[in-house]
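K.L.:
Here you go, one structure.
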Amino acid sequence: DGTDVLALEGDALNKHRATVAVVFQDPRAHINPVRRIDDFMTESLRLLDDVPKAEARKRAANALEEVGIDDPAKRLGQFPHELSGGMLQRVMIATALLSEPRLLLADECTTALDVTTQAEVMAILDELRRERGLSMLFITHDLELAGAVCDRTCVMYAGQIVETRAANLLHGDPLHPYSAALVEARPDITSTADRLVAIPGRPVSAFEAPAGCRFAPRCPHVEDACRSEEQVLADLDGGRVRCRRAAELRGSLLDGAHV
């Protein structure tokens with residue numbers, strides 16, 4: 001909404017935080033193992049919003065029902081080790097939604113789950129998002145999942161966004177060489193290959209990224225200017241791309257296997 005979050009302090013920052021919730025990758029690493037589910041879910045309601053304990057517990061039980069957990073009263077009295085990974089992730093989602101956020105940050109929230117439970121969790125998130133008019137920032141390494149869940153996808157490399165594109169277009173029509181390389185590297189279940197396509201070189205962290213284009217050392221389309229000129233995000237065909245040759249390479253980045 002045009003507010004610089006990094007400039008917020010004190011009460012203003014706390015007020016803003018209440019509008020944003022996070023669902024982490026591994027619920028077992030973020031739920032206190034020696035406290036009951038009840039305590040974990042209601043803590044912020046009781047301490048920050050001064051909601052009476054009975055009312056906070058009632059809200060928590062309703063939230064558990066909303067994410068598909070049966071017998072919520074029993075679950076609230078249990079410890080994290082008594083619940084499966086899928087149920088714990090549902091607890092995380094229910095807890096995040098208790099504060100009625102406007103934005104939900106879902107950080108690799110299905111990585112630790114089997115594929116069936118993953119589908120269930122994503123269905124819950126999608127349904128709740130639509131019902132509540134909630135915005136969601138979904139962080140993932142799974143291109144297929146991002147394509148199925150997101151309206152728009154941002155591809156990052158070495159701490160920078162290199163491409164922003166409508167999710168339904170990114171997979172078949174990427175604008176950046178790195179996005180195209182990711183698409184090409186996916187296994188194709190309709191064909192047989194002796195060796196999977198791989199991106200040469202190694203990924204780098206933001207602190208060790210070279211000058212100019214950060215993907216330049218691994219890019220098959222690199223030119224001298226790519227290594228020396230700082231790349232900026234520029235508009236192209238309804239998306240944004242950080243590549244000086246993007247318009248020139250338009251439509252030629254894929255070999256056709258994934259189009």
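K.L.:
Rounded, prolate or oblate: which one fits the chain, using the alpha carbon gyration tensor with axes a ≥ b ≥ c (rounded when a/c is under 1.5, else prolate when a/b beats b/c, else oblate)?
P.N.:
Numbers: a/c = 2.56, a/b = 1.83, b/c = 1.40.
Since a/c reaches 1.5 and a/b is larger than b/c, the shape of the chain is classed as prolate.
K.L.:
Sticking with this one: Report the label-to-label distance for V20 and R152 in nanometres (one decimal), using points 7 Å from each Cα along the Cα→Cβ vector.
P.N.:
1.7 nm
K.L.:
Just how much of K58 is accessible, in Å², when a 1.4 Å probe is used and the result is rounded to the nearest 10?
P.N.:
Roll a 1.4 Å probe over it and K58 shows about 120 Å².
K.L.:
What does the C-alpha gyration tensor say about the overall shape of the range 59-135? Classify as rounded when a/c is under 1.5, otherwise prolate if a/b is larger than b/c, or oblate.
P.N.:
Note, shape of the range 59-135 comes out oblate.
K.L.:
Carbon and sulfur: what percent of the range 42-157's accessible surface (1.4 Å probe)?
P.N.:
50 percent
K.L.:
Is the range 8-61 rounded, prolate or oblate when judged by the Cα gyration tensor, a ≥ b ≥ c being the square roots of its eigenvalues, rounded requiring a/c under 1.5 and prolate requiring a/b larger than b/c?
P.N.:
Taking the square roots of the gyration eigenvalues as a ≥ b ≥ c, the range 8-61 is oblate.
K.L.:
Then there's this: Along the positive direction of the dipole of the range 122-259 (beta-carbon charges: Lys, Arg +1; Asp, Glu -1; about the Cα centre), which of L182, Q160, A246 reaches farthest?
P.N.:
Q160
K.L.:
What residues qualify as long-range amide H neighbours of L137, i.e. H under 5 Å apart, gap of 5 or more or another chain, H built at 1.01 Å from N?
P.N.:
L104, L105, A106
K.L.:
Distance from the Cα centre of the range 1-26 to that of the range 187-213, in angstrom?
P.N.:
When both Cα centres are located, 34 Å separates them.
K.L.:
For K58, list the aspartates and glutamates whose Cα falls under 20 Å from its own Cα; do not include residues on the same chain fewer than 8 positions away.
P.N.:
Filter leaves D38, D39, E43, D49, D50, E66, D70, D71, E100.
K.L.:
How many Å² of accessible area per residue for the chain, probe 1.4 Å?
P.N.:
That works out to 58 Å² per residue.
K.L.:
Note down the relative contact order for the chain as a percent, whole number, built from C-alpha pairs under 8 angstrom at least six residues apart.
P.N.:
Normalised by residue count, the contact order of the chain is 15 percent.
K.L.:
Ignoring ligands, DNA and RNA, please state the percent of accessible area on the range 178-259 from carbon and sulfur, probe 1.4 Å.
P.N.:
With neighbouring chains kept in place, the figure for the range 178-259 is 52 percent.
K.L.:
What does the helix-only formula give at 222 nm for the chain: each DSSP H stretch with n ≥ 4 adding -39500 (n - 2.57), the total divided by the residues, and the result rounded to the nearest 500 deg cm²/dmol?
P.N.:
About -11000 deg cm²/dmol.
K.L.:
Still on this structure, please answer the following. With the dipole of the chain worked out from charges on the C-beta (+1 for Lys and Arg, -1 for Asp and Glu) around the Cα centre, which of A216, L196, M136 lies farthest toward the positive end?
P.N.:
Result: M136, furthest along the dipole toward the positive end.
The values are calculated or read from the model by the stated rules, or taken from the named source; none is laboratory data. Quick caveat, the model's predicted, so the values are computed rather than measured. Quick reminder, even Gly has a Cβ in these numbers, built from the backbone with ideal geometry, and neighbours come from all protein chains shown. In case anyone asks, the SASA skips ligands and DNA or RNA and just uses the protein heavy atoms, side chains included. Shrake-Rupley method; radii C 1.70, N 1.55, O 1.52, S 1.80 Å.
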